[in-house]
Every structure is written in C-alpha cells, then in structure tokens.
1. Can you report the number of residues in the stretch 101-119 which are out of contact with any Gly (no Cβ under 9 Å at 6 or more places or on another chain), of a type in the set (A, V, I, L, M) and part of a helix (DSSP H, G or I)?
2. Out of the residues in the stretch 385-431 that are within 36 Å of the chain's Cα centre (by Cα) and among the basic types (Lys, Arg), state the one that is surrounded by the most Cβ atoms within 10 Å (Cβ to Cβ).
3. Yes or no: ALA97 in a helix (DSSP H, G or I), open to solvent by less than 60 Å² (accessible area, probe 1.4 Å) and touching a Leu at 6+ places or on another chain (Cβ under 8 Å)?
4. For the stretch 352-401, which positions are touching a Pro at 6+ places or on another chain (Cβ under 7 Å) and among the charged types (D, E, K, R)?
5. Kindly list the number of the only condition in (1) within 16 Å of the ligand (Cβ to nearest atom); (2) surrounded by fewer than 18 Cβ atoms within 10 Å (Cβ to Cβ); (3) more than 27 Å from ILE193 (Cβ to Cβ) that fails for HIS253.
6. Among the residues that make up the stretch 255-268, is at least one of them in contact with a strand residue (DSSP E or B) (Cβ under 8 Å, 6 or more places away or on another chain) and over 22 Å from THR32 (Cβ atoms)?
7. List every residue pair whose Cβ atoms sit under 7 Å apart, with the two residues 6 or more apart in sequence or on different chains, where the first one lies in the stretch 41-56 and is of a type in the set (Lys, Arg) and the second, anywhere, is modelled with pLDDT under 95 and open to solvent by 70 Å² or more (accessible area, probe 1.4 Å).
Amino acid sequence: MSVHSTSQQQPHASLAQQFNDDEDRVNWHDETLWWIRQKRDKAAWSVPEWEWLRQTASDIKAHVLSNMHDLLTQFEAQALANGAILHWAADAAEHNAIVHRILQENKVQQIVKSKSMLTEECGLNEYLHEHGIDVVDTDLGERIVQLAGETPSHIVLPCIHWKKEEIGELFHQHLHTPKGNADPQYLTGAARIHLREKFLTRKVAITGVNFAIAETGEVVVCTNEGNADMGTHLADVHIACMGIEKLIPQRQHLGVFTRLLARSATGQPITTYTSHFRKPAPGRQLHIVLVDNGRSRQLGRDAFRNSLKCIRCGACMNTCPVYRRSGGHSYKYAISGPIGSILAPNLDMRKHADLPFASTLCGSCTNVCPVKIDIHEQLYQWRQELYKEGLAPKGKAVSMKMAGWLLGKPALYRFAGKAARTVLRLAPFMVKNSLNPWYKQREMPAPPKQSFSEWYAKNKKA
Ligand code: SF4
C-alpha cells in the first residue's frame, strides 16, 4: 500500500488531518484544483447561453428521472434491436458477477478497462482480481493509481494528489523508466508504450458510459486520451457498464450535455473523443450492463432524487474548499467531494454518516454544477436526516440540542453571553487550549466589550 492509501474505517476528519500533515501537498492540491475551477469559469463565460444550457440540462434530466421506466424500456428495445446484449444488475454484487460471467464465457483472463466510476463504485477491479482476472486501467491517471495500489482520488483527475516526481519514481519501479526522470512528456510516452502492448493483446474491453440515448439504444463515451476507443476497437468483446441514470431521451439532447461537460470538468471547449457505440461489429459482441445499486431508492427520496442528475464532471470537487484541502481519499467512497457526500449515505447511511458534515455549506458547489443540482441544500438535508436517525456525530448532536435550548431562553442567553465574554477576557485558556481543534491554527479574536443587543439598546435613538 502506498503513502496515499487510506483506511476505510477512519472518519473523514481524521483522514483529512493526515492529508494536511503534508503541508506542501495540500497547498498545491488546493491551488491546482482552484486553477481548474478558474479555467472552468473562463470557459463558461465564453458561452453566452451558459445559464440556458444549465437549465435545459437540468430540465432534460428532470424529465428522465420522472420517466425512468419508459425511457429504460425504450433504450432496452432499441439496444436489443441494434444487436447489443443487455444485462440488468440490481446491485454491485450482481454487476460484478455479470461481468465475470461474460469473461468466463469468452475464456478471458486479461482485460483492459477505460475510466468508469460505476465500476469503482462496484469494486469491480478488486472483485475480478480475487477471481484471477488481470485488469489494466488504460486511463493514464487511473493506471498511475492502479500501479500504486490505490483508488482514484478524483472522478476526472484520478491522480491529482500525486506529484510528477512521485510518478517518475513509480514508473521507474514498474515500467523501468530511468531513475529521476519526472518529465511529464517522457512519462506519458513510456505509459503509451506500456499500454499499447495491453491494447493489442486483450480480447475484452470494459468502458463506462457518459450518456445512453433511449431513442437510438446507443451509448456515448467521452475521453481525452482515446483509450476507450483503442480498447474497444481492438477487442472482440466490449462491455459497457452504466448506472441507470445515464439516460437521455434523444440524440438531439446530447449537444446540451457535451457543451457543459468538458467546460465544467477541465475548462476545455469539448472532450477530445466523444464516441458513439450503437451496435457490435460483425463477429464481435457489445454488452451493456445497466446497474441500479441504490439509484431507485435515491429516486424515491424526494429531497435527494436530483442528485441522480449528476454527469460526473467533478466541478463541485474542484471548487469545494473542504475537498481541495482534504483530498479525495478522505471521503472513503469512489465518488468523493460534495456530490459523493450525497450519494454515499444513500448506499450506507451509517458508514457514511460523517460525509454530509464535510462541507461549509457555502453553496459554491451548487453554483458551478452544470445540471443545477442543489448540492449544498441536499447536504444540509442529509444532516437533518442523519440527526433524526441518531447517526449525527454525538458531540454535534448534544451541542446543537443545548444551543437550541439556550436560544429559546433570551434572559439566560444574555446572561450566558456576558459570562462567556468575561471568561474569554480573564481566562482565554479555557477556550484556546490543545483540546479545542478550532484554535490549533487560528488566533483567538479579542472578546467584544458588549453584545450587539446591548450596543443596539444604547444606540438605537442615535
Ligand atoms: S454534482 Fe454537478 S458539479 Fe458535481 S460532479 Fe455532478 S454534475 Fe458535476
């Protein structure tokens, strides 16, 4: 396991603390993601109808969520008519078993796989590895984290937490590049040679799906490296794995999303490769695995169903002040950041109860989301749900209860305020001490001489 690996058991705050122990790393992680956020802003401002696109995308996805059954049925009929083989998986275990069965039927032990957050969500790599299948991730960032024995820390930039010198060392160990060579162009060339041999020898290629068009039964895959195309064009069997929310009704709707996706993700005007897979070439197979894995449950949760509009652009992560300073692995879930903190508790409320609290609720995520998901409001809603279920952190639950009680008694509140100001003035160590994490890296401001209501009572006439 590498230095960046994290324990699934530790809470988000502890893992974020570990990430923060390396001050240099957290600083450039923060700055790099903010730079991408700024690129996104410039790209968005260059499109006069940007807000119209966001609203339209959100409306199209709302239509999909309200007509999921009909659109899935239409997609299935069209895809079958095209010659694709369809599989339905209720959960991650079924998804993994289906993929494994296809590999067994084709007597295949080695495969290539392009980026798919769904397969990360389902733990496909680990499952196949346990069953003796060699999976090579072909997205460069994913290959880097795979060689390091890690999972991606960001849905678009899987190895954003790695420095180029560390990648040079990793490639030296695994691909035998010269020690000390950290030139990105050289390392990319070395990865290309390494992956080419895999592409040429693997008979099965797995891809994710960015969009599935109900009208035509085709799936659309967007990459910047062309690795999905290379894998699928050279393999006899293409397995496309998708969550059921990836649907869009018609091909004419695709342009709305492709204009938003790349600009929101990296500030590019368009993803380099946008490939449509409609039917298998003669003598080959196209399998499409449609996965629920909690999506129907989320669809039934009024407060959270809009989270299924997500097109996985990563913009909410790049802008989130908590994500930028805590790193993707601190979320302990395949999809990290603000949207992951909404999706993860849907799958396992108890296990992921800390994630909705890993936010300042500043609303920056909601402002950049290309499909207008009310992200920070859903995080706030999750906190309330978790509190009702008794899963909110104990300290927070007790202090909020006490605060509620005190705020309901104005005279007592005024007295407590006065007492607190006196204590802060005479004995600041009662608040600023090693047991209080808030002041570890902050200066304590001088307490005010009076409360606002006291000031107001004196000055209201003036
Ligand atoms: S929630 Fe919105 S901003 Fe975040 S990844 Fe999904 S589409 Fe992008």
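The values are calculated or read from the model by the stated rules, or taken from the named source; none is laboratory data. From a predicted model like this one, the values you see are computed outputs, not experimental measurements. No Cβ is skipped: glycine too gets one built from the backbone with ideal geometry, and neighbour counts run over all protein chains shown. Ligands, DNA and RNA are stripped out before the accessible areas are found, and what is left, the full protein with its side chains, is counted by its heavy atoms. Shrake-Rupley method; radii C 1.70, N 1.55, O 1.52, S 1.80 Å.
1. Within the stretch 101-119, residues that are out of contact with any Gly (no Cβ under 9 Å at 6 or more places or on another chain), of a type in the set (A, V, I, L, M) and part of a helix (DSSP H, G or I) number 2.
2. That would be LYS396.
3. In short, no.
4. Within the stretch 352-401, ASP354, ARG383 qualify.
5. In the conditions (1) within 16 Å of the ligand (Cβ to nearest atom); (2) surrounded by fewer than 18 Cβ atoms within 10 Å (Cβ to Cβ); (3) more than 27 Å from ILE193 (Cβ to Cβ), HIS253 misses (2) alone.
6. yes
7. Close Cβ pairs (under 7 Å, with a partner that is modelled with pLDDT under 95 and open to solvent by 70 Å² or more (accessible area, probe 1.4 Å)) do not exist here.
Table: residues versus (1) out of contact with any strand residue (DSSP E or B) (no Cβ under 7 Å at 6 or more places or on another chain); (2) more than 9 Å from the ligand (Cβ to nearest atom); (3) modelled with pLDDT of 95 or more.
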{"site": "GLN285", "(1), (2), (3)": "no, yes, yes"}
{"site": "SER296", "(1), (2), (3)": "yes, yes, yes"}
{"site": "ARG301", "(1), (2), (3)": "yes, yes, yes"}
{"site": "ASN306", "(1), (2), (3)": "yes, yes, yes"}
{"site": "LYS309", "(1), (2), (3)": "yes, no, yes"}
{"site": "CYS316", "(1), (2), (3)": "yes, no, yes"}
{"site": "VAL322", "(1), (2), (3)": "yes, yes, yes"}
{"site": "SER326", "(1), (2), (3)": "yes, yes, yes"}
{"site": "SER336", "(1), (2), (3)": "yes, yes, yes"}
